[in-house]
1. Ranking request for peptides 53-65, 74-86: highest mean number of other beta-carbon atoms within 10 Å first, then the rest in descending order.
2. How much accessible area per residue does the chain have, in Å², with a 1.4 Å probe?
3. If you take the alpha carbon radius of gyration of region 37-167 and divide it by 2.2 N^0.38 Å, what ratio comes out, to two decimals?
4. Could you order the peptides 121-128, 10-17 from most to least packed, using the average number of other C-beta atoms within 10 Å per residue?
5. Specify, per residue and in Å³, the volume enclosed by the convex hull of the alpha carbon atoms belonging to region 8-59.
6. Could you work out the helix-only [θ] at 222 nm for the chain, with each DSSP H run of four or more residues adding -39,500 (n - 2.57) and the total divided by the number of residues, to the nearest 500 deg cm²/dmol?
7. Within region 25-88, what whole-number % of the accessible surface is contributed by carbon and sulfur, with the 1.4 Å probe and all protein chains included in the calculation?
8. I need the calculated FRET efficiency for the pair residue 31 and residue 138, taking r as the beta carbon distance and R₀ as 25 Å, to the nearest 0.05.
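The values are calculated or read from the model by the stated rules, or taken from the named source; none is laboratory data. Nothing here was measured: the structure is a model prediction, and the numbers come from that model. Counting neighbours? That spans all protein chains shown, and the Cβs are built from the backbone with ideal geometry, glycine included. In case anyone asks, the SASA skips ligands and DNA or RNA and just uses the protein heavy atoms, side chains included. Shrake-Rupley method; radii C 1.70, N 1.55, O 1.52, S 1.80 Å.
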Amino acid sequence: MKYSSKRITVRPYVRRDYESWREGHLAREPKKNKFDSLKPPAKNLTLKKFTAMIGKNKKRAKRDECYVYGIFDKKTGKHLGSTSLYILIRKGLHWANLGYEIHNQYWRQGFGKEAALLTLKIGFRDLGLHRIEAAMELDHKGSIGVARSLGMRREGIRRKFFPNPSGWEDLVVFGAVKEDF
Ligand SMILES: CC(C)(COP(=O)(O)OP(=O)(O)OC[C@H]1O[C@@H](n2cnc3c(N)ncnc32)[C@H](O)[C@@H]1OP(=O)(O)O)[C@@H](O)C(=O)NCCC(=O)NCCS
């Protein structure tokens, strides 16, 4: 299963993605804002760890818990980042959370929007989801920008929604329903 647009493909990781996955991480620039991930040290980017990640992804997908996708440049094969669909409630509601992350050397080129849109399509067309939402910190302009650019609707602020080291944090929630896509 894979979904493509003009520039990118979004699909589950396979073993032969290892080099591209590693290169994508190694080419990351220093952390650009508080929401950005740190560039991982090379020792965390081994084939063993990558294979373990694929195994874990497969198990979680089989249990219908979470689906993780790699984002790849169609022309060059370069790894651009990842998206995910985390099942929040399956029974009756078919409801998931959308996650997205682009390597920071590729920010502001429309890849986040393109990859998130393809992931919504996977969710609605292949995973039988009815409702997908994205939730983020109130000042997370990049993530809000992606959700808005997809046409997801701002539904409000969910209070004390997410645990972080300083306590429970309010998040703003954007939603999409199958009928919109
Ligand atoms: C959030 C993130 C995925 C955005 O990826 P991206 O590829 O740079 O986003 P795009 O280029 O597709 O931009 C999509 C829209 O968001 C806007 N946008 C992106 N980053 C922005 C920022 N820092 N400030 C304001 N707007 C921003 C763009 O202008 C664009 O809007 P438009 O379509 O109206 O022009 C990226 O910054 C990232 O990976 N951050 C770290 C991980 C993370 O925070 N993930 C979300 C967890 S909730």
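1. Numbers: 53-65: 12.9, 74-86: 17.5.
Order by mean packing, descending: 74-86, 53-65.
2. Numbers: 10550 Å² over 181 residues.
Here the residues of the chain average 58 Å² of exposed surface.
3. Values: Rg = 15.6 Å, N = 131, 2.2 N^0.38 = 14.0 Å.
Rounded to two decimals, the normalised Rg is 1.11.
4. On the way: 121-128: 16.8, 10-17: 15.2.
Ranking the peptides 121-128, 10-17 by packing returns 121-128, 10-17.
5. On the way: hull volume 5.8 nm³, N = 52.
Spelled out: Cα convex hull of region 8-59, divided by residues, is 111 Å³.
6. Numbers: 4 runs with 45 residues, N = 181.
Mean residue ellipticity at 222 nm (helix-derived): -7500 deg cm²/dmol.
7. Values: 2270 of 3940 Å².
Carbon plus sulfur share of accessible area: 58 percent.
8. Numbers: r = 20 Å, r/R0 = 0.82.
Between residue 31 and residue 138 the formula returns 0.75.
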